[in-house]
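Chemist: Before I ask anything, here is the structure I am working with.
Derivation of every value follows stated rules applied to the coordinates shown; laboratory data play no part. Computed from a predicted model, the values in this text were never measured in an experiment. Glycine also receives a Cβ, built like all others from the backbone with ideal geometry; neighbour counts cover every protein chain displayed.
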Amino acid sequence: MARYSDARGRFVRGESLALHVSGPETATVQGAWFNTEEVSTLDLFLDVTAASGITPSMTVSIETREGAADTPATVGSFAAKTGVASERKRFTGLGKECRYVATTTGTTPSFTFSLIGVAK
């Protein structure tokens with residue numbers, strides 16, 4: 001889970017993030033919203049260590065919004081993963097809050113992955 005750095009629950013630039021600790025997921029999952037008011041960039045690392053199922057695929061996206069009443073917008077996505085793989089990616093154009101969404105497809109897909117990085 002992401003750590004908060006100040007009394008108002010905002011990240012300070014250079015803060016380490018652990019958005020998804022390594023573990024298996026068998027359905028589409030989304031992380032909790034976290035405050036990115038003072039952050040302009042997320043440098044994230046997706047590490048998929050296991051994948052199974054019939055034609056499994058997983059796409060991890062970063063969504064942003066200005067507040068709880070707003071409809072989320074996708075900032076960007078990692079390339080779809082179909083097996084063991086890793087990728088680094090920089091996300092910009094962040095609103096006041098962000099979260100990750102890992103969308104899985106296929107028959108009985110299962111992915112073990114972690115999503116970590118740095119807020120800048």
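Chemist: Is it the case, given these coordinates, that Ala27 is touching a residue at least 40 places away in the same chain (Cβ under 8 Å), touching a Ser or Thr at 6+ places or on another chain (Cβ under 7 Å), outside any strand (DSSP E or B) and small (Gly, Ala, Ser)?
Modeler: So Ala27 fits the description; yes.
Chemist: Still on this structure, I have one more. Of the residues Thr71, Thr108, Thr104, which is among the hydroxyl-bearing types (Ser, Thr, Tyr) and in a loop (DSSP other than H, G, I, E, B)?
Modeler: None of the other options fit; the residue is Thr71.
Chemist: Restricting attention to the stretch 21-56, and to residues there that are loosely packed, with under 13 Cβ neighbours inside 10 Å and in contact with a Pro (Cβ under 9 Å, 6 or more places away or on another chain), which single residue is nearest to Ala85 (Cα to Cα)?
Modeler: Top of the filtered list is Ala50.
Chemist: Looking only at residues in the stretch 98-120 that are hydrophobic (A, V, I, L, M, F, W, C) and farther than 20 Å from Glu38 by Cβ, which one is surrounded by the fewest Cβ atoms within 10 Å (Cβ to Cβ)?
Modeler: Among them, the one singled out is Val101.
Chemist: Something else now. Select from the stretch 81-97 the residues that are surrounded by 16 or more Cβ atoms within 10 Å (Cβ to Cβ), farther than 13 Å from Asp43 by Cα, touching a strand residue (DSSP E or B) at 6+ places or on another chain (Cβ under 6 Å) and not polar (S, T, N, Q) and list them in ascending order.
Modeler: Lys81, Ala85, Gly95, Glu97
Chemist: On the phi < 0 side of the Ramachandran plot and loosely packed, with under 12 Cβ neighbours inside 10 Å: does that describe Ala18?
Modeler: No: the conditions fail for Ala18.
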